[in-house]
Amino acid sequence: MKTWRQSLLLSYSLIILAFLYLPIAVLVLYSFNNTRINAVWTGWTIQWYLSLFSNRHVLDAVSNSLIIAFSSTIISTLLGTMAALALHSCRFRWYTAINSLIYMPILIPEIVMGLSLLVLFAQLNIELGKITLVIAHITFCMSFVVIIISARLEGLSKDLEEAAQDLYANSWQTFRYVTLPLIMPGIIAGALISFTLSIDDFVISFFVAGPNSSTLPLYVYALVKRGISPEINALSTIMIIVTIVMVVISQRLQVNGSNKNNVYK
Amino acid sequence: MTKKQHVMIQLETIEKNFAENQVIPPLNLSIFEGEFLTLLGPSGCGKTTLLRMIAGLEEPSAGNIYLDGQQVTYLPPYKRDVNMIFQHYALFPHMTVEQNILFGLRMKKVSPTEREKRISQVIALTQLEAYRQRKPRQLSGGQQQRVAIARALVNNPKVLLLDEPLGALDYQLRKSLQIELKSLQRELGLTFIYVTHDQEEALTMSDRIVVMNQGKIEQTGTPHEIYHTPMSQFVAGFIGENNFIKHEDFYISLRPEKINLCEVMFQGESPPPLTDDTSRLTGTITDVVFYGTIDKVFIHLDDSGQTIMAYQYFDDKRRWQAGEKVGLWWNLKDEVRLDR
Ligand SMILES: Nc1ncnc2c1ncn2[C@@H]1O[C@H](COP(=O)(O)OP(=O)(O)OP(=O)(O)O)[C@@H](O)[C@H]1O
Ligand SMILES: [Mg+2]
């Protein structure tokens with residue numbers, strides 16, 4: 001009876017997992033397919049990966065994506081951390097309003113965000129390119145950083161900062177030696193999430209990219225319009241792997257951080 | 001308090017309001033060097049608030065604070081030579097025991113050799129040798145408490161502020177740490193301001209007790225004075241157990257251990273002397289409750305209808321039971337007259 005129920009549950013879970021991951025598995029599998037025709041399996045090869053790395057357009061797109069991801073990660077982590085700290089330390093009158101405004105970019109449909117940014121840049125006469133992409137990515141990355149770090153600050157007992165002050169640490173030293181180390185896992189997690197979001201973003205980037213600033217997702221989209229090729233599968237596989245690694249690291253940091261320190265009360 | 005003592009902390013008409021709410025009305029208090037002073041009072045009476053104002057974590061709404069003669073009212077906490085021990089220890093979770101203890105000295109830029117000397121002293125004192133490299137989460141509650149004490153002591157503060165430092169520990173551990181803390185304070189000649197709402201702790205450890213109620217000081221005195229000569233109904237009722245007997249415009253308080261029980265008819269027993277020094281009443285026992293070392297006997301008085309509680313010890317000749325008629329008598333010198 002019991003084993004019967006367990007095996008039912010197990011197969012149910014497996015079906016769900018298959019439903020979620022089968023498309024990705026197929027894509028990964030066909031990136032190793034030894035033929036241009038996607039529908040037939042003929043054998044193993046890594047030639048699509050090799051040809052990717054000798055394709056100038058791909059390398060350009062990769063370097064664009066990395067430059068934009070690094071810049072927007074650094075800036076949004078810095079700005080987001082400062083915003084979270086400011087919100088935490090001064091619970092001023094408009095606290096709730098400002099807090100929900102910071103969450104907003106996550107909830108607004110991406111297409112609306114992209115369009116409104118495009119209109120804004122046009123109004124301000126800013127030429128579309130890497131700069132506009134970085135600015136656009138910062139808008140949504142920062143929200144995530146603020147959310148993650150706020151959660152950590154929330155769990156931080158006020159006693160700790162007061163204890164530091166009582167032990168002769170001024171405001172800066174309190175921040176440097178107590179607050180900052182305790183929210184560090186949150187900051188790193190926020191940065192990793194930002195990096196992942198920036199690398200993966202398509203919709204918003206689509207609106208605000210310039211002619212020479214194609215990111216990887218935009219490049220893949222351009223290729224797809226000419227038909228799905230094994231190179232695209234290979235490229236997508238690489239992106240999937242990078243994303244998974246990033247997400248796993250950032251999850252581990254958040255979980256670890258909260259288990260390790262009894263910062264969360 | 002016979003010899004003239006040096007005032008370490010002076011609170012001068014100190015006052016604290018949170019928004020509209022007055023938590024501490026103007027209050028004066030002097031704390032002497034080397035004394036163990038306890039703030040005792042019910043929850044919410046402002047003990048923590050008072051302590052935090054002395055530490056500098058809260059700014060008074062009015063009044064002045066002097067530390068060792070110097071005005072410190074608006075000095076930030078990191079510039080005051082006092083240290084606080086928090087109720088939940090507030091140890092830094094990302095630092096080892098050693099780093100926690102050294103934190104204050106590092107911030108004060110004490111030289112490494114001096115640091116090493118002082119930390120070995122306090123670590124020996126608090127018996128933490130074995131735990132130097134551990135993180136706080138790897139320690140038991142009692143060990144964490146010791147680290148908190150060491151972290152404060154190592155700075156040689158002029159005054160140590162302790163906010164219910166033993167509140168989170170179990171009874172046995174609390175008892176043993178009470179003794180350790182008290183002997184530490186006495187040996188090092190430290191000034192302690194100790195917050196508790198455990199009256200037994202206050203009575204056994206303090207040189208002086210300040211009983212607070214709704215932000216006001218009800219009475220200040222030695223444990224002996226507070227217990228035996230309370231000055232208000234609040235103090236008499238808050239510390240230990242007490243009976244109140246109402247007279248026209250004042251109350252008499254009478255400790256249950258001072259009341260003697262006897263037969264109403266005095267059969268076979270020599271009647272207690274009814275002299276100018278004693279008082280006597282009769283009543284009916286309503287209940288006898290077992291409390292370990294004593295029984296508590298509740299008596300309904302015949303004339304006034306009040307209920308009085310008296311202790312019965314196990315070596316007493318007569319065992320009283322509910323429903324019995326009983327006589328009560330006590331010495332007039334044990335009565336405390338309360339005008340408020
Ligand atoms: N930051 C604050 N804002 C508003 N009111 C406060 C604040 N801190 C304390 N109070 C109020 O001041 C009063 C005294 O609080 P306090 O913490 O000093 O009490 P306490 O004597 O330490 O009580 P306990 O024994 O429960 O710790 C309480 O009524 C509390 O609600
Ligand atoms: Mg308190």
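The values are calculated or read from the model by the stated rules, or taken from the named source; none is laboratory data. These figures come from a predicted structure and were not determined experimentally. Backbone-built Cβ (ideal geometry, glycine too); neighbour counts: all protein chains shown.
May I ask you to list the residues in region B:130-159 that are farther than 18 Å from residue A:169 by Cβ and touching a residue at least 40 places away in the same chain (Cβ under 8 Å)?
Step one: of region B:130-159, the residues farther than 18 Å from residue A:169 by Cβ are B:130-135, B:137-146, B:149, B:158-159.
Within region B:130-159, B:135, B:137, B:139, B:144, B:145, B:149, B:158, B:159 meet the criteria.
Looking at residue B:170, is it within 16 Å of ligand 2 (Cβ to nearest atom) and not polar (S, T, N, Q)?
So residue B:170 does not fit the description; no.
Of the conditions (1) aliphatic (A, V, I, L, M); (2) closer than 20 Å to residue B:184 by Cβ; (3) within 14 Å of another protein chain (Cβ to nearest Cβ), residue B:125 satisfies every one except a single condition; which number is it?
(3)
Could we say that residue B:119 is closer than 28 Å to residue A:170 by Cβ, of a type in the set (A, V, I, L, M, F, W, C) and not in a strand (DSSP E or B) here? Break it down into steps so the answer makes sense when it comes.
Details: closer than 28 Å to residue A:170 by Cβ: yes; of a type in the set (A, V, I, L, M, F, W, C): yes; not in a strand (DSSP E or B): yes.
Answer is yes for this residue.
Under 6 Å by Cβ, and 6 or more places apart or on different chains, what pairs join a residue from region B:43-63 that is within 14 Å of residue B:194 (Cβ to Cβ) with one that is near ligand 2 (Cβ under 9 Å from one of its atoms)?
Sorted first by the residue in region B:43-63, then by its partner, the pairs are B:47/B:195; B:48/B:163; B:51/B:163; B:51/B:195.
When residue A:130 is evaluated against the numbered criteria (1) within 14 Å of another protein chain (Cβ to nearest Cβ); (2) out of contact with any Leu (no Cβ under 9 Å at 6 or more places or on another chain); (3) charged (D, E, K, R), which criterion, by number, is the only one it fails?
In the conditions (1) within 14 Å of another protein chain (Cβ to nearest Cβ); (2) out of contact with any Leu (no Cβ under 9 Å at 6 or more places or on another chain); (3) charged (D, E, K, R), residue A:130 misses (1) alone.
Name the residue that is surrounded by the fewest Cβ atoms within 10 Å (Cβ to Cβ), counting only residues in region B:126-168 that are of a type in the set (A, V, I, L, M, F, W, C) and within 16 Å of ligand 1 (Cβ to nearest atom).
Initially, region B:126-168 is screened for residues of a type in the set (A, V, I, L, M, F, W, C), giving B:128, B:130, B:139, B:147-150, B:152-154, B:159-162, B:166, B:168.
Cutting the leftovers down to within 16 Å of ligand 1 (Cβ to nearest atom) gives us B:161-162, B:166, B:168.
Values: B:161: 27, B:162: 25, B:166: 24, B:168: 15.
Ranking the candidates gives B:168 first.
Just for strands (runs of 3 or more DSSP E) wholly inside region B:16-105: which have at least 1 residues that are closer than 22 Å to residue A:159 by Cβ and within 14 Å of chain A (Cβ to nearest Cβ)?
Working: elements: B:21-32, B:36-40, B:62-67, B:82-85.
Filter on region B:16-105 gives B:82-85.
It is to be established whether one or more residues within region B:199-209 are within 16 Å of ligand 1 (Cβ to nearest atom) and modelled with pLDDT under 90. Walk me through how you get there before you give the answer.
Of region B:199-209, the ones within 16 Å of ligand 1 (Cβ to nearest atom) are B:199-202, B:209.
Keeping just the survivors that are modelled with pLDDT under 90 gives B:199-200.
Yes - at least one qualifying residue is present in region B:199-209.
Of all the helices (runs of 4 or more DSSP H) wholly in region A:110-210, which have at least 3 residues that are in contact with a Ser or Thr (Cβ under 7 Å, 6 or more places away or on another chain) and within 20 Å of residue B:77 (Cβ to Cβ)?
A:158-166
So is residue B:108 surrounded by fewer than 18 Cβ atoms within 10 Å (Cβ to Cβ) and farther than 19 Å from residue A:164 by Cβ or not? Walk me through it before giving the result.
Working: surrounded by fewer than 18 Cβ atoms within 10 Å (Cβ to Cβ): yes; farther than 19 Å from residue A:164 by Cβ: no.
Criteria not met by residue B:108.
Of these, B:203, B:190, which one is in contact with a Leu (Cβ under 8 Å, 6 or more places away or on another chain), under 29 Å from residue B:143 (Cα atoms) and more than 16 Å from ligand 2 (Cβ to nearest atom)?
Details: B:203 fails: in contact with a Leu (Cβ under 8 Å, 6 or more places away or on another chain).
Being in contact with a Leu (Cβ under 8 Å, 6 or more places away or on another chain), under 29 Å from residue B:143 (Cα atoms) and more than 16 Å from ligand 2 (Cβ to nearest atom) holds for just one of B:203, B:190, which is B:190.
Residue-by-condition table, conditions (1) in contact with a helix residue (DSSP H, G or I) (Cβ under 9 Å, 6 or more places away or on another chain); (2) within 13 Å of ligand 2 (Cβ to nearest atom):
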residue: B:51; (1), (2): no, yes
residue: B:54; (1), (2): no, no
residue: B:58; (1), (2): yes, yes
residue: B:66; (1), (2): no, no
residue: B:70; (1), (2): no, no
residue: B:75; (1), (2): no, no
residue: B:79; (1), (2): no, no
